[in-house]
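Okay, so here's the structure we're looking at.
The values are calculated or read from the model by the stated rules, or taken from the named source; none is laboratory data. Note that the structure is a prediction, hence the values are computed from the model and not measured. FYI the Cβ positions are ideal-geometry reconstructions off the backbone, even for glycines, and counts take in every protein chain you see.
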Amino acid sequence: MATPKWIKATVEWVDYRLPVFSFVDHHLVDYPTPRNLNYWWNFGSLAGIVLVVMIATGIFLAMSYTPHVDHAFQSVERIMRDVNYGWLMRYLHTNGASMFFVLVYIHIFRGLYYGSYKAPRELLWIVGVLILFTMMATAFVGYVLPWGQMSFWGATVITNLFSAVPLVGDQIVTWLWGGFVVSNPTLNRFFALHYLLPFVIFGLVFVHMWALHTHKSSNPLGIDIQGPQDTIPFHPYYTVKDLFGLGVFLFVYLSFVFFAPDFFGEPDNYIEANPLQTPPHIVPEWYFLPFYAILRAIPDKLLGVVAMFGSIGILFVLPWLDRSPVRSARFRPFYKQFFWLFVADCLVLGYVGANPPEGSFILIGRIATFYYFFHFIVLVPLLGLFEKPRPLPQSISAAVTARAAAAKGAS
């Protein structure tokens, strides 16, 4: 059915004055995308959708939350029991945080495997690492807001780490607390930051997408687009693919929301904060566990803090540490093996971080921490110099055509 003339006239009138429809058409419809992207490229768009969900549910929760140490815990209980659909908004928000980190971590590991951090996409990668840093800050200050036992003591332990900073450490802690202990000013500051930082993330995501659309998406082969034959329009090919991925993701996400809403939480956080009673084992949320393990692996407080922040900060310089001319691990036989060893190392660090720092966990944590930095500082540069990659395809279209012919012959 033809579009009515009045709709076309309205669109043209608006687009002439504010080219929003042209922008959407250029970047979301006709945007030339490598024709060989697989489902690992779904996770970036899924993370963007979850970010919108987190902002929307967060605004709803802020309407009924009271950032005061005498009322915060009760206001959360009121949201759960008395506010219409408050329980749903809170479970979407708390489980959404875990889903957000799952998606972003997979997105990062995909970038590491396929070399998405290499030229000319260094700034794209750096902005992505900034998004990760901001996400972590947002999640940390948000975890304090329910004012449960783990919220209070987690805030106390983590903010105290800044006291290790020479000369200005104590002043930083006092500023974070708004006093000399974690108390009402701390909760107010963290609430303000938790409300503000998601919009900072949104701005960084916009810059991230800007950088992405400047040099186009990377692809599983890690080779550059050589012409129109290597691309297809984003719509309908990848919108359909993304919608399928969204359907699978929503099935998993909502399964946790409706059937296991407290799966990722700590039971102690359902006890109101008590400064006079320390929990037997203080642990952060699961997405901080690998970095918590790195912090505890080093006996010196200052070096532990440096290592914890350095474990993320080292990602900023990764594009210059990896000197291999080949991007994708598909054509780097040794790098591929060490990549999966690195993934296993991160899982081990997460497991160690979830357990008390005693017995064999201390030794395992130190070995895993050593390998984490050894991978980036030693292995990645050496492999870039000495590894002999396999031959690359002539073009994306040639590789896709050859793969389709092979599949047809096998059938």
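Test each condition in (1) at pLDDT 90 or above; (2) more than 21 Å from the chain's Cα centre (by Cα); (3) more than 24 Å from residue 129 (Cβ to Cβ) for residue 248 and report the one that comes out false.
(2)
Could you list, ordered by first residue, the pairs with Cβ atoms under 9 Å in which the first is in region 307-335 and more than 28 Å from residue 365 (Cα to Cα) and the second is in a helix (DSSP H, G or I) and among the hydroxyl-bearing types (Ser, Thr, Tyr), at least 6 apart or interchain?
Partner pairs satisfying both residue conditions: 324/335; 326/335; 327/114; 328/113; 328/114; 330/113; 330/114.
Condition test on residue 224, is it acidic (Asp, Glu) and assigned to a helix (DSSP H, G or I)?
no
Out of (1) loosely packed, with under 15 Cβ neighbours inside 10 Å; (2) among the aliphatic types (A, V, I, L, M); (3) over 21 Å from residue 129 (Cβ atoms); (4) touching a residue at least 24 places away in the same chain (Cβ under 8 Å), what's the single condition that is false for residue 377?
Of everything listed in (1) loosely packed, with under 15 Cβ neighbours inside 10 Å; (2) among the aliphatic types (A, V, I, L, M); (3) over 21 Å from residue 129 (Cβ atoms); (4) touching a residue at least 24 places away in the same chain (Cβ under 8 Å), residue 377 misses just condition (3).
Going through region 316-373 one residue at a time, which ones are touching a Lys or Arg at 6+ places or on another chain (Cβ under 8 Å), in a loop (DSSP other than H, G, I, E, B) and of a type in the set (A, V, I, L, M)?
326
Considering only helices (runs of 4 or more DSSP H) fully contained in region 117-206, which possess at least 1 residues that are among the aromatic types (Phe, Trp, Tyr) and touching a residue at least 24 places away in the same chain (Cβ under 8 Å)?
Result: 122-144, 149-160.
Would you check which residues across region 272-303 are assigned to a loop (DSSP other than H, G, I, E, B), out of contact with any Phe, Trp or Tyr (no Cβ under 9 Å at 6 or more places or on another chain) and surrounded by 15 or more Cβ atoms within 10 Å (Cβ to Cβ) and list them?
Answer for region 272-303, where residues must be assigned to a loop (DSSP other than H, G, I, E, B), out of contact with any Phe, Trp or Tyr (no Cβ under 9 Å at 6 or more places or on another chain) and surrounded by 15 or more Cβ atoms within 10 Å (Cβ to Cβ): just 298.
So residue 217 fits all but one of (1) touching a Phe, Trp or Tyr at 6+ places or on another chain (Cβ under 8 Å); (2) within 15 Å of residue 397 (Cβ to Cβ); (3) polar (S, T, N, Q); what number is the exception?
(2)
What are the residues in region 13-25 that are surrounded by 11 or more Cβ atoms within 10 Å (Cβ to Cβ), modelled with pLDDT of 90 or more and charged (D, E, K, R), if any?
15
What is the residue count in region 41-73 for residues that are of a type outside the set (Ser, Thr, Tyr), touching a residue at least 40 places away in the same chain (Cβ under 8 Å) and either outside any loop (DSSP other than H, G, I, E, B) or touching a Lys or Arg at 6+ places or on another chain (Cβ under 7 Å) (or both)?
Final tally of qualifying residues: 17.
Keeping to region 388-402, report how many residues are within 18 Å of residue 118 (Cβ to Cβ) and surrounded by 15 or more Cβ atoms within 10 Å (Cβ to Cβ).
4
Checking residue 265 against (1) modelled with pLDDT under 95; (2) not assigned by TED's automatic domain parsing to the domain that holds residue 86, which single condition isn't satisfied?
(2)
Condition test on residue 240, is it in contact (Cβ under 8 Å) with a residue 12 or more places away in the chain and either aliphatic (A, V, I, L, M) or surrounded by fewer than 20 Cβ atoms within 10 Å (Cβ to Cβ) (or both)?
It is false that residue 240 is in contact (Cβ under 8 Å) with a residue 12 or more places away in the chain and either aliphatic (A, V, I, L, M) or surrounded by fewer than 20 Cβ atoms within 10 Å (Cβ to Cβ) (or both).
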